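The values are calculated or read from the model by the stated rules, or taken from the named source; none is laboratory data. Note that this is a predicted model, so its numbers are computed, not measured. Ideal geometry is used to build each Cβ from the backbone, glycine not excepted, and the neighbour counts take in all protein chains shown.
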Amino acid sequence: MLYYSGTISEMGEVHRGNTVTDFMEQERNRGITIASACVSFPWRNNIINLVDTPGHIDFTMEVELSLKAMDSAVVVLDASAGVEAQTVTVWNQADRHELPRIVYANKCDRNDASVDICLQSLRDSFEIQPLLLNYPVRRKNILEGIVDIVNLEEIFWSNRDNFTKKIIDKSHSLYDDLLEMRDKLTDSLATLDDTLADIVLCKESLSDVTPGDLVGALRRVTIAQKGIPVLCGSSYKNIGVQMLMDAVADLLPSPIDSQRYQVYSHFGNNLAARVFKIIHDKQRGPITFLRLYSGHIEKGQKVYNADQEKSEVVGKLLLANAMDFEEVPRVSRGYLVAVTGLKEAVTGDLICSSSSIVKTVKDKIKHSSKSSNTSDDVFRSNSHIPDPVFFCSVEPPSQAYQIRLDKALTELQREDPSLSVSFNAQTGQTVLAGMGELHLEIIRDRIKTEYNVDVYLGPLQIIYKEQLMSEATETVVIKNSVGSHNQMVTLTMSLRPGNKKDILILDLSKDSGSNLAHVSQQHLNAIKRGIQSALLHGPLLSSPVKTV
């Protein structure tokens, strides 16, 4: 995409370790994406902000944080495998953020690639309506091009830079099959889009519907998340990439079409931006990546962090191209921008113009008809941080490196919320917990290469969880005498197996409610913290007790 947009002059290759978005040493050595990378490029009078995210499950937090800042997503499938386990994870993340998306079936040059299997796996896995927009053309078992179902065109690439289009007419051997596929696409779209259904009723046949009508319907259906466009190609063979870029521009929502921007409409022309990524640069210090939803931000501007309730001054504004940065004086809504100078911000924080603006917006939301949902969407980060799966001890080579190690762990944990760092008082060891063996290996490598501390990781251990098998209720009566007054408190607690998440419910029935009214919020919070602390260590293995 960067090459075809003219952003770079030479294509990178994963196996050569010279791709733009895989910039970390560990990524280039292993040939995988570890950290998300932001790039922006022009295409057909549009600016596309792209965030390349990892595919490995150990780095799923990078995907989660990136999706919070996006308006839509492109889900890449291996055409020879269809939907895989991690595809389901990413798809569910996109569902949670209600993102419109398109699917790109890559690696269609492989002999075992099958578009039909990809389509069926999408139906079976997600119960969705896939809408096939093009189809690979193979001759003598070699991928030569694709067929555009919407425009009835055959597209062939003579080299990576040049392709030719040819209209498929009635004399073409593929005409009947292609027309049947187009009619099927039109019929499927008409059932999902009322505007196209009205157009179809005015036509003599489905084949009379124009490409423009189909593209318009595809855009409406995609943004409404009623159907999923599917495109085919081979990025390695440079076939179909331009068509994918066209689909991004034509079918996915622009910032003004995105539901996220409607949520931030109460800010008007005032700044509202969300932190979605943080990295640490040796020269610039912490670099905070923001997505601007309203207003603008300028170099040297004083901003207010609504979550931390602190004001800070922005240093430089940087437009990111992976790890290359271009300094700019001002950025407006819709853009992704990296800023220096924010030392208190963490991922998910809301950055605004001032505390008074935050108060005004909260008052507006309070009096709006959708106050509850809107307030949650604006003033809560709602990041889904998965529970760690493995843990191990970490030790510096000598005590002289402890301060440097502590700094490294603090910065890495700020960058990656799925990395947990704790201190075991019994063993006197620092404990790392993460999403998997690879995750912790990468953390070790980064500490060595970026902070020059060759740490030792102890044996990897699984983080087990304990779960209730049946409901349990306990009542405790506490009696005390203060002078001549006898006091008695009765506490009843019930624990029962839950479904998906832990829920703490106070009994607000008439009798209990009147009693709770005499308990201060400070004491209720202390009770809640005590319960949560007790659930961290179960009776079997001293492991966390979940779904209570």
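Quick notes on this structure:
- Test for Val90: is it under 30 Å from the mean Cα position of the chain (by Cα), hydrophobic (A, V, I, L, M, F, W, C) and surrounded by 18 or more Cβ atoms within 10 Å (Cβ to Cβ): yes
- Within the set Val75, Val63, Val88, Val137, the sole residue that is aliphatic (A, V, I, L, M), modelled with pLDDT under 95 and closer than 27 Å to Pro388 by Cβ turns out to be Val63.
- Residue within segment 258-272 that is assigned to a helix (DSSP H, G or I) and free of Cβ contacts under 8 Å to residues at least 24 places away in the same chain present: yes
- Against the test of being of a type in the set (Asp, Glu) and in a strand (DSSP E or B), the options Glu204, Glu154 yield a single qualifying residue, Glu154.
- Among the residues making up segment 29-60, a single one is of a type in the set (D, E, K, R) and surrounded by fewer than 17 Cβ atoms within 10 Å (Cβ to Cβ): Arg44.
Quick grid of which residues meet (1) surrounded by 19 or more Cβ atoms within 10 Å (Cβ to Cβ); (2) more than 32 Å from the chain's Cα centre (by Cα); (3) outside the structural domain of Arg96 (by TED's automatic domain parsing):
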residue: Ala113; (1), (2), (3): yes, no, no
residue: Arg123; (1), (2), (3): no, no, no
residue: Arg139; (1), (2), (3): no, yes, no
residue: Ile142; (1), (2), (3): no, yes, no
residue: Lys166; (1), (2), (3): no, yes, no
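- Some residue of segment 43-51 being outside the structural domain of Val337 (by TED's automatic domain parsing), in a strand (DSSP E or B) and either at pLDDT below 90 or within 13 Å of the chain's Cα centre (by Cα) (or both): yes
- Cβ separations smaller than 6 Å between residues 6+ apart or across chains give the following pairs from segment 175-195 residues that are outside any helix (DSSP H, G or I) to residues that are at pLDDT 95 or above: Asp193/Ala217; Asp193/Arg220; Asp193/Val221.
- Scanning segment 238-284 for residues that are of a type in the set (S, T, N, Q) and either in the same structural domain as Ile351 (by TED's automatic domain parsing) or under 23 Å from Thr222 (Cβ atoms) (or both) gives Gln242, Ser254, Ser258, Gln259, Gln262, Ser265, Asn269, Asn270, Gln283.
- Residue check for Glu474: at pLDDT 90 or above and part of a strand (DSSP E or B): yes
- So Asp198, is it on the phi < 0 side of the Ramachandran plot and surrounded by fewer than 17 Cβ atoms within 10 Å (Cβ to Cβ): yes
- Within the set Leu178, Leu206, Leu201, the sole residue that is over 29 Å from Ser254 (Cβ atoms) and touching a strand residue (DSSP E or B) at 6+ places or on another chain (Cβ under 7 Å) turns out to be Leu178.
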